[in-house]
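Rule-based calculations on the coordinates, nothing more; no lab input. If you're wondering where the values come from, they're calculated on a predicted model, not measured in any experiment. Cβ placement follows ideal geometry from the backbone for every residue including glycine, while neighbour counts extend to all protein chains displayed.
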Amino acid sequence: MVLPPFYQGLLGNDNWGPKGWDGYTLSFNENEMFYAAMLGICKALVYGKWKILVGVTGHDVGGHIDCMQKAIEQATDGKNSTGFAEMEGGLHKPNDEIPVTMDHAGAWETSCMMYAYPDKVDLNTLKERKLSSEEQMEMEGPEGIGGKNPLKYASSELGKKIIEKMGDLIGQKAKQMLESIRRIKHD
């Protein structure tokens, strides 16, 4: 089962962001709020007899992973249920097929959006802004791009590869965990 996205971030009570981002990001949640929500969801899944819980963050904040992992560990017993929290690309190592890593509005995220929601991506906007021609971009200004330059490296084809491969890697880890609790029950 895949649950709908949980749209509450975990960044604290200040406007977080790189240089030039004042006013672009509103942060309002504390660890306790996010943890309580994740724990409630995890307990409900365990109560519903789900064996493996997988929490995947779509915005790669370490605090998200920590809170999700803590909630999963608190809700599961390791014998009948277990799980893990992961960043969507946390199990990926760059290779010839997918030469990029997770980023912020760079080639990775832009490619995924180009594949999943092609009508929501307009690279012409970046071209009109005379975006830097740097290969690797730093998160500055209103674009907030941190990663490989999407004008040079992003494509729908790459997005398809990323989405399919990350699903495979996360699925493989979940299957391994399921096998481990099956072995525990048989021992």
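A few notes on this one:
- When the P(r) of the chain is calculated, the portion above 22 Å amounts to 55% of the C-alpha pairs.
- Our coupling estimate for region 86-102, obtained by passing each phi through the Karplus curve with A = 6.51, B = -1.76, C = 1.60 and θ = phi - 60°, is 8, 6, 4, x, x, 9, 9, 10, x, 8, 5, 6, 10, x, 10, 10, 3 Hz, Gly and Pro reported as x.
- Amide H partners (placed H, <5 Å) of residue 100, local residues excluded: 95
- Remark: spin-label model distance residue 122-residue 61 equals 2.8 nm, labels positioned 7 Å along the Cα→Cβ axis.
- Within region 107-187, the trypsin sites (Lys or Arg not before Pro) that combine a DSSP coil assignment with at most 11 other C-beta atoms in a 10 angstrom radius are 129, 130.
- Among the listed pairs 43/93; 93/120; 49/160; 120/160; 127/165, those beyond 22 Å (Cα-Cα): 43/93; 93/120; 49/160; 127/165
- Cut-off under 5 Å, modelled amide H: who pairs with residue 56 long-range: 86
- Extension gain from residue 49 to residue 165, taking 0.36 nm per residue of separation minus the Cα-Cα distance: 39.0 nm
- 222 nm mean residue ellipticity, helices alone, for the chain (DSSP H n ≥ 4; -39,500 (n - 2.57); rounded to 500): -14000 deg cm²/dmol
- Among the GluC sites (Glu not before Pro) in region 75-132, those placed in a DSSP loop whose Cβ has at most 16 other Cβ atoms within 10 Å are 97.
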